[in-house]
There are 2 protein chains.
Amino acid sequence: MAKLVATIEPTGQCCPSVLGAPLDAEEAAELADGFMALADPVRLRVLSILAAAPDGEVCVCKFVGPLGKSQPTISHHVKILSEAGLVAGDRRGKWVWYSLNRERLAALQAALQPSG
Amino acid sequence: MAKLVATIEPTGQCCPSVLGAPLDAEEAAELADGFMALADPVRLRVLSILAAAPDGEVCVCKFVGPLGKSQPTISHHVKILSEAGLVAGDRRGKWVWYSLNRERLAALQAALQPSG
DNA sequence: TAGATGCATCGATCCCCGTCAATGTACTGG
DNA sequence: CCAGTACATTGACGGGGATCGATGCATCTA
């Protein structure tokens, strides 16, 4: 096995955590950017659709109808998710297939981990 | 033993999760409200200070200096956290002591849980 | 090459958020 | 009571997000 979860030390910490030591301004700003990307119903639904996709990829056109928003609005939200590192797009001919970055999502999840 | 974690069923789910089945509009809006409360550096630092407090309680006056914001601004953010159910205040004479609602925070954390 | 399709960008609009000074409210102490 | 302290609320300002129609760009197809 190539690499474990970094060899967590008792006192150490791999990522800034809300429940660990008090955050400084920079750490807080970085985490806030991540949660800001999650702070919209449309974006959360985009993520959940991606997570539920059998092959882990969804064409942008599959978001417009189900989410009830215009195509520019969907494109806007997908861009925000992309800039936040939560999704990645892959152009294939006319279509762009987006996939979920589960590591990035796990990092935000870890910031809320009770143990710190 | 009184009550386990609700007897999780393979297909069932206790709370809306971003990584489970696609979220409907209502579930997504509810989760988005929670993450919106986390999407600010000042509020994240308030939470982290509360989490790091030895007795789990911090007087509001202890936020103003370290966070470098005015007293009304701090009061504004604490109110948002309170309305989101993430903190609770307890008035004792002149002072108001705030404490962290770790269950509410854990619920948001669970919504990002990889298993669903 | 012309038209159609999928997606991104632009421009405009509306609304909400973060911030602070000023003020209000509640409690304490003299 | 009155002054002071701790916190909340108000009002105003600036900035940015959410939304959509119109438009631009790339690709496919006839």
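Structure values in brief
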quantity: Pairs with Cβ under 6 Å, 6+ apart, first in segment B:3-30 and surrounded by 10 or more Cβ atoms within 10 Å (Cβ to Cβ) and assigned to a loop (DSSP other than H, G, I, E, B), second small (G, A, S) and modelled with pLDDT under 70; calculated: B:C14/B:A6; B:S17/B:G116; B:L19/B:G116; B:G20/B:G116
quantity: Residue, nearest to B:S99 (Cα to Cα), within segment B:42-57, restricted to residues that are crowded, with 21+ Cβ neighbours inside 10 Å and not charged (D, E, K, R); calculated: B:L50
quantity: Spans of helices (runs of 4 or more DSSP H) in segment B:34-94 with at least 1 residues within 9 Å of DNA strand D (Cβ to nearest atom); calculated: B:61-67, B:71-83
quantity: Candidate set: segment A:73-116, residues that are over 17 Å from A:C59 (Cα atoms) and of a type in the set (D, E, K, R); chosen: the one least open to solvent (accessible area, probe 1.4 Å); calculated: A:R104
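Here's the yes/no breakdown for (1) in contact with a His (Cβ under 7 Å, 6 or more places away or on another chain); (2) of a type outside the set (A, V, I, L, M, F, W, C):
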residue	(1), (2)
B:D40	yes, yes
B:A52	no, no
B:H76	no, yes
B:K79	no, yes
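The values are calculated or read from the model by the stated rules, or taken from the named source; none is laboratory data. All values reported here derive from a predicted model rather than from experimental measurement. Heads up, the Cβs are rebuilt from the backbone with ideal geometry, glycines too, and the neighbour counts pull from every protein chain shown. The accessibility values were calculated without ligands, DNA or RNA, using every heavy atom of the protein model including side chains. Shrake-Rupley method; radii C 1.70, N 1.55, O 1.52, S 1.80 Å.
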